[in-house]
Amino acid sequence: MEKSVKSLLDKIQDTFELQPVMAKQYSPLTLAYIGDAIYDLIIRTMLVEHGNAPVNKLHRKASSFVKAEAQARLIHQIEDELTEEELAIYKRGRNAKSATSAKNASVLDYRTATGFEALMGYLYLDNQIDRALWLVQYGLEKEKNSRT
């Protein structure tokens, strides 16, 4: 008998007895809120799995990936790979009016990064984490290859 594998989202919903909500029902800024954490978790996991290192070094490296400027570059690397639905989610997030503003980024990079985070949040809440991981990996590889 094949054992079904539950996603992190499924496990969180089960543990805390949460009712699933359709990802499309969330506001773009709510999607960006959770998407920021998901992308950060992906990057931190990737860095930690590359080997043990001092925490301050890990933090500096993670910050270089998760800052708005880097996220803006990443979304531009993957934009051609997005489905129509994903592109619409990204644009909703990018165009959302936020009460906060960029601290260390241009307004354009900040809004673009918000769109990227909304996409990551949407994919997570829609149980499409494999798609989110593929897009991040593809974008990071494309970014790395464009520098060489």
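Going by the structure shown, is Gly35 under 30 Å from Ser146 (Cβ atoms) and part of a loop (DSSP other than H, G, I, E, B)? When the stated conditions are applied, Gly35 does not pass them. Restricted to segment 102-148, and to residues there that are without any contact (Cβ under 8 Å) to a residue 40 or more places away in the chain and part of a loop (DSSP other than H, G, I, E, B), the residue that is surrounded by the most Cβ atoms within 10 Å (Cβ to Cβ) is Ala105. For segment 9-20, the criterion of being at pLDDT below 95, in a helix (DSSP H, G or I) and within 15 Å of Ala132 (Cα to Cα) is met by at least one residue. Of the residues in segment 47-67, none is buried (at least 16 other Cβ atoms within 10 Å of the Cβ), in contact with a helix residue (DSSP H, G or I) (Cβ under 8 Å, 6 or more places away or on another chain) and among the polar types (S, T, N, Q).
The values are calculated or read from the model by the stated rules, or taken from the named source; none is laboratory data. Bear in mind that the values here come from a model prediction, so they are computed numbers and not experimental data. Neighbour counts run over all protein chains shown; Cβ positions are idealised from the backbone, glycine included.
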